[in-house]
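Chemist: Okay, handing you the structure first.
The values are calculated or read from the model by the stated rules, or taken from the named source; none is laboratory data. Because the structure is a prediction, the values reported are computed rather than measured. Every residue, glycine among them, receives a Cβ derived from its backbone with ideal geometry; neighbour counts consider all protein chains shown.
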There are 2 protein chains.
Amino acid sequence: MELEASVRLAALAEPTRLRIVGLLGEGTCCVCDVRDAVDVAPNLLSYHLRVLREAGLVSATRRGRWIDYRLDPDGFEVLWAQLAEAGIPLPGAPAEVSTCTVRTEEGP
Amino acid sequence: MELEASVRLAALAEPTRLRIVGLLGEGTCCVCDVRDAVDVAPNLLSYHLRVLREAGLVSATRRGRWIDYRLDPDGFEVLWAQLAEAGIPLPGAPAEVSTCTVRTEEGP
DNA sequence: CCATGACTTCAACGTTGGTTGAATCAATGG
DNA sequence: CCATTGATTCAACCAACGTTGAAGTCATGG
């Protein structure tokens with residue numbers, strides 16, 4: 001797990017990139033399609049795609065003039081695994097009735 | 001859903017805060033306990049806790065001199081719901097064999 | 001071969017975010 | 001009431017991030 005969980009989370013923690021990931025989750029692929037759906041300048045779109053690529057959440061392949069982007073399922077799996085290991089409550093986890101370890105009588 | 005998913009994600013997308021959330025997931029509560037586990041200056045810790053609080057991931061109550069922090073399960077549930085709605089592949093979701101909508105013959 | 005289209009890279013800018021040190025607030029104890 | 005302890009707030013700083021405009025690739029088509 002060369003990549004920190006926070007890197008992947010930071011990649012997702014931006015509205016435009018989150019929308020892009022949502023789009024790619026539906027199978028949209030070439031950059032121009034993404035550009036039509038997400039209204040940003042092409043160079044800015046490239047930047048955001050690069051962030052997602054470097055975070056391992058997305059991969060790209062050239063097809064003639066065009067470059068297709070798709071989600072990288074492995075990246076997401078690794079992310080969720082890292083969060084689970086860090087003790088973050090993921091969906092489907094027990095509600096965890098928050099038993100406080102602190103002594104409630106006279107403080108630490 | 002008054003709060004954007006990106007706000008909650010950004011709150012998690014920082015190593016120190018991710019560690020704090022992990023600790024609170026185990027039930028650690030008062031700020032001084034967190035401070036012992038996460039080696040940061042008290043004022044900086046306050047800052048990070050405030051970010052988590054404003055993201056709705058954590059809640060606090062005063063107990064005498066001390067202030068106890070705990071995870072807010074609702075905040076996490078809302079986050080996962082928002083991500084699911086945005087089309088982000090969550091853990092337990094089907095691997096989604098990435099069917100590309102783009103025509104593979106002659107581009108867009 | 002040059003023009004065009006798709007996309008990326010580079011350099012610069014303004015804003016945001018994490019960090020620090022000093023000051024402040026809240027609650028207890030002498 | 002004042003000193004002390006736990007925790008927060010404030011002001012200032014520097015680095016990182018998102019944004020923009022111009023220049024640069026890479027592949028196709030006239």
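Chemist: Got at least one residue in region A:27-37 being surrounded by 19 or more Cβ atoms within 10 Å (Cβ to Cβ) and more than 9 Å from DNA strand C (Cβ to nearest atom)?
Modeler: Checked region A:27-37: at least one residue is surrounded by 19 or more Cβ atoms within 10 Å (Cβ to Cβ) and more than 9 Å from DNA strand C (Cβ to nearest atom).
Chemist: Can you confirm whether region A:21-30 contains a residue that is closer than 27 Å to B:Glu14 by Cβ and among the polar types (S, T, N, Q)? Outline the logic, then answer.
Modeler: Of the residues in region A:21-30, the ones closer than 27 Å to B:Glu14 by Cβ are A:21-25.
Then drop every residue that is not among the polar types (S, T, N, Q), which leaves none.
No: zero hits.
Chemist: When region A:16-26 is examined, which residues are found to be surrounded by fewer than 18 Cβ atoms within 10 Å (Cβ to Cβ) and within 10 Å of DNA strand D (Cβ to nearest atom)?
Modeler: A:Thr16
Chemist: Out of the residues in region B:58-68 that are more than 7 Å from DNA strand D (Cβ to nearest atom) and in contact (Cβ under 8 Å) with a residue 24 or more places away in the chain, state the one that is nearest to A:Leu23 (Cα to Cα).
Modeler: Out of the qualifying residues, it is B:Val58.
Chemist: Please indicate, with yes or no, whether at least one residue in region B:42-57 is more than 9 Å from DNA strand D (Cβ to nearest atom) and modelled with pLDDT under 95.
Modeler: No, region B:42-57 contains no residue that is more than 9 Å from DNA strand D (Cβ to nearest atom) and modelled with pLDDT under 95.
Chemist: Exactly one condition in (1) more than 10 Å from DNA strand C (Cβ to nearest atom); (2) within 12 Å of chain A (Cβ to nearest Cβ); (3) assigned to a helix (DSSP H, G or I) is not met by B:Arg53; state its number.
Modeler: Tallying (1) more than 10 Å from DNA strand C (Cβ to nearest atom); (2) within 12 Å of chain A (Cβ to nearest Cβ); (3) assigned to a helix (DSSP H, G or I), B:Arg53 fails exactly one: (2).
Chemist: Find all pairs meeting these conditions: Cβ atoms under 8 angstrom apart; at least six residues apart or on different chains; first residue within region A:26-37 and more than 7 Å from chain B (Cβ to nearest Cβ); second residue more than 9 Å from DNA strand C (Cβ to nearest atom) and part of a strand (DSSP E or B).
Modeler: From residues that are more than 7 Å from chain B (Cβ to nearest Cβ), there are no pairs.
Chemist: Now for a separate question. Restricting to region A:56-95, name every residue that is facing chain B (nearest Cβ under 7 Å), in a loop (DSSP other than H, G, I, E, B), in contact with a helix residue (DSSP H, G or I) (Cβ under 7 Å, 6 or more places away or on another chain) and not hydrophobic (A, V, I, L, M, F, W, C).
Modeler: A:Gly87, A:Pro89, A:Pro91
Chemist: Given the conditions (1) away from DNA strand C (no atom under 11 Å from the Cβ); (2) over 30 Å from A:Thr16 (Cα atoms), report the number of the one that B:Phe76 does not fulfil.
Modeler: (2)
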